[in-house]
Amino acid sequence: MSNPLLIVSNRLPIQIAKDHEDGWQIRPSSGGLVTALRPILKQYGGSWVGWPGDCGDAPVDELLGRLGKDLNCRFHGVGLSPELVEGFYYGFSNETLWPLFHDLLGHAKFERPKWLSYVESNRIFAEVLRNAVREDELVWVHDYQLILVGHYLRELGVHNKLAYFLHIPFPPPDIFARLPWRAEVLRALLAYDLVGFQVQRDLRNFTQCVRQFIREARVSVQRQISVIDLPGRRVRAGSFPISIDFKEFDSAARSQAVQDTAWYIHENFPEQQLALGVDRLDYTKGIAAKFLAFERALEKYPDLRGKISLIQLVVPSRQDIPEYAAWKQKLDELVGRINGRFDYRGWAPLHYMYRSVPRMELLGYYRASEICLVTSLKDGMNLVAKEYCAASVDDHGALVLSEFAGSAPQMREGALIVNPLDREATADAIHRAFHMSREERRDRMRRLRREVRRNDVFRWVRTFLDQVRPGEEVHTHTPVVTPAVRDESTAAGE
Ligand code: ADQ
């Protein structure tokens, strides 16, 4: 792959802040995507388009230009009004697509004005892209907030190769069918040349939806990739499990600073094993299910009492959505109840921290913990499971992993796989992890680390980009979104 890349994500991977002495400062944020793409951008050059966030009166363009020079990347900010961000991001993206795609229909809202904000925002992204894109660039759009961008790019006459990657799961047809705008969303995905999903589960759901809802599509499932033929054009779809920079986690975890941090953390829990949870505050992560399973383990296995503590780190997330605030309160109450029930002789079983933890401290927690509990109700991948293994340089950690996390198929040989809704079985897995012999822990963790080392984030980028073969088919625009949507999008823009 030698074409420059144009990356499109909802948020630009940057942080802008005012420094009292030096004025406005910009720096790249530390997400997995930017880590994975930085070497490629450095080598081949490219651009990144996204919303810069609410930057107050910062000179955004000037700051973006400054950072772009350092990273060999042109940054383009997409301007969105607060009302659009409300409807598009907090609304349709996070209150409709997010729960629906995680099969959690009970959380999903279907409100037409929010759909229209989504349509409008995706159209604005496409307009910025049309002006930013260079002829030879491969456009790579990321995630559920921007599904329609490819369609609008085609409508605006952009003929570049278009690729898309969905970071969250894709639901089965009977769930997807509930979306009133299902045809528009599905057809928009078919505007790309390559559509990437995390795992086979999502790819299979997508191809089944295409078969069911797009009459003129012919789907052939091949070994690595599925091919969807539409009148006059071809779309490829595949699964590409995302990962982490294993080497970076591994070597940072070996540093003296992390070793010391891990030691201090464990010192506070003498003669105990530490079980660790690390999640964004989100109902999909199964944090409550984890607490209840832990409670059941303490109830069922008295030998655990006083001998194990669960440390749960929760990074604040989407705090402006009322449902998330309600979840936080529910978790607070649950922690209080469980600790009240088992608290004796100064031992409290649950330690719950609601804050973002700096990287070195996070690594300290990973390294200090004998058990990691990942209990997502559904998850695109779950990078915490991989980070824990990469940081477990002492090979003494045991991973309890939800079968509904995208990481489960890759990690099932080394992890204890559970259905987090099966409280009894998850409690048994916690007990089993607690009593796992040194040898079994070591064998399992070595297998897990080998897997994450081999399939790291750089391999993810390479495998994905290898599938966008240069010069294979030239895209001519076929209208892929029904006229009804075009009418709606026009109305939203008025
Ligand atoms: P997320 O839903 O954000 O990502 P995940 O993959 O678990 O889920 O990543 C969370 C990240 O946040 C991890 O890197 C973790 O270290 C960090 N984190 C969590 N709690 C933290 C805390 N208290 N302090 C500091 N850092 C914390 C979406 C999908 C996932 C998919 C990723 C990548 O929902 O399924 O794996 O994208 O594609």
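The values are calculated or read from the model by the stated rules, or taken from the named source; none is laboratory data. All values reported here derive from a predicted model rather than from experimental measurement. A quick note on method: Cβ atoms are made from the backbone with ideal geometry, for glycine too, and the neighbour counts reach across all protein chains shown. Remember, those area values only see protein heavy atoms, side chains included, never the ligands or the DNA or RNA. Shrake-Rupley method; radii C 1.70, N 1.55, O 1.52, S 1.80 Å.
Backbone phi angles across segment 447-458, fed through the Karplus curve with coefficients 6.51, -1.76 and 1.60 (θ = phi - 60°), yield HN-Hα couplings of 4, 5, 5, 4, 4, 5, 4, 5, 9, 8, 5, 6 Hz in residue order; Gly and Pro are listed as x. Taking all Cα pairs closer than 8 Å and separated by 6 or more residues, the relative contact order of the chain comes to 15 percent. Taken about its Cα centre, segment 129-221 carries a charge dipole of roughly 340 debye when the Cβ of each Lys and Arg holds +1 and the Cβ of each Asp and Glu holds -1. Sites count as exposed loop sites when they are trypsin sites (Lys or Arg not before Pro), lie in a DSSP loop, and have at most 16 other Cβ atoms within 10 angstrom; the longest stretch of the chain without one is 1-108. Taking only the alpha carbons of the chain, we obtain Rg and Dmax values of 23.2, 73 Å in that order. Across segment 352-361, computed HN-Hα scalar couplings (Karplus, 6.51 cos²θ - 1.76 cosθ + 1.60, θ = phi - 60°) run 10, 10, 9, 6, 7, 9, x, 3, 5, 5 Hz from first to last residue, x flagging Gly and Pro. The number of Lys pairs in segment 246-454 with C-alpha atoms less than 29 Å apart, excluding pairs fewer than 8 positions apart on the same chain, is 26. Axis of helix 256-267 versus longest Cα principal axis of the chain: the two differ by about 50°, to the nearest ten degrees. Roughly how many Å is it from the Cα centre of segment 229-259 to that of segment 158-202, as a whole number? Each part's Cα centre sits 19 Å from the other's. Residue-wise HN-Hα couplings along segment 186-201, as the Karplus relation 6.51 cos²θ - 1.76 cosθ + 1.60 with θ = phi - 60° gives them from phi, are 5, 5, 5, 5, 7, 7, 7, 7, 9, 10, x, 10, 5, 9, 3, 3 Hz; Gly and Pro carry x.
If you take all other residues with their beta carbon under 15 Å from the beta carbon of TRP327, and give Lys and Arg +1 and Asp and Glu -1, the sum is -1.
Looking at ALA237, SER309, TRP24, which one has the Cα that reaches farthest to the positive end of the dipole of the chain (charges on Cβ: Lys, Arg +1; Asp, Glu -1)? The residue sitting farthest along the positive end of the dipole is ALA237.
I want the antiparallel fraction of DSSP beta bridges within segment 246-454, as a percent rounded to 5.
5 percent
With Rh defined as the Kirkwood radius, the inverse of the mean 1/r over Cα pairs, the Rg/Rh of segment 246-454 is 0.93. Think of the chain as having a plus end and a minus end, set by charges on the Cβ of Lys, Arg, Asp and Glu; of ALA183, VAL278, ILE430, ILE430 sits farthest toward the positive end of this dipole. This model, with +1 at the C-beta of Lys and Arg and -1 at the C-beta of Asp and Glu, gives segment 246-454 a dipole about its Cα centre of some 320 debye. This model, with +1 at the C-beta of Lys and Arg and -1 at the C-beta of Asp and Glu, gives the chain a dipole about its Cα centre of some 1360 debye. Taking amide H atoms as placed 1.01 Å from N in the peptide plane, the amide H of VAL49 lies under 5 Å from those of ILE7, VAL8, SER9, HIS76, each 5 or more residues away in sequence or on another chain. For the chain, what is the mean residue ellipticity at 222 nm derived from helices alone (per DSSP H run of n ≥ 4: -39500 (n - 2.57); sum divided by total residues; nearest 500 deg cm²/dmol)? Counting only the DSSP helices, I get -13000 deg cm²/dmol.
Only bridges whose two residues both fall in the chain count here: according to DSSP, what percent of them are antiparallel, nearest 5? Once the DSSP bridges in the chain are tallied, antiparallel ones form about 25 percent. Segment 92-122 and segment 443-467 have Cα centres separated by 32 Å. With all protein chains kept in place, the per residue accessible area of the chain amounts to 42 square angstrom at a probe of 1.4 angstrom. Once neighbouring chains are kept in place and the probe is 1.4 Å, which whole percent of the accessible area of segment 246-454 is contributed by carbon and sulfur? Carbon-and-sulfur percentage of accessible area, whole number: 49. Relative to the longest principal axis of the chain, what angle (0 to 90°, nearest 10) does the C-alpha long axis of helix 60-71 take? Taking Cα atoms only, the helix is inclined about 70 degrees.
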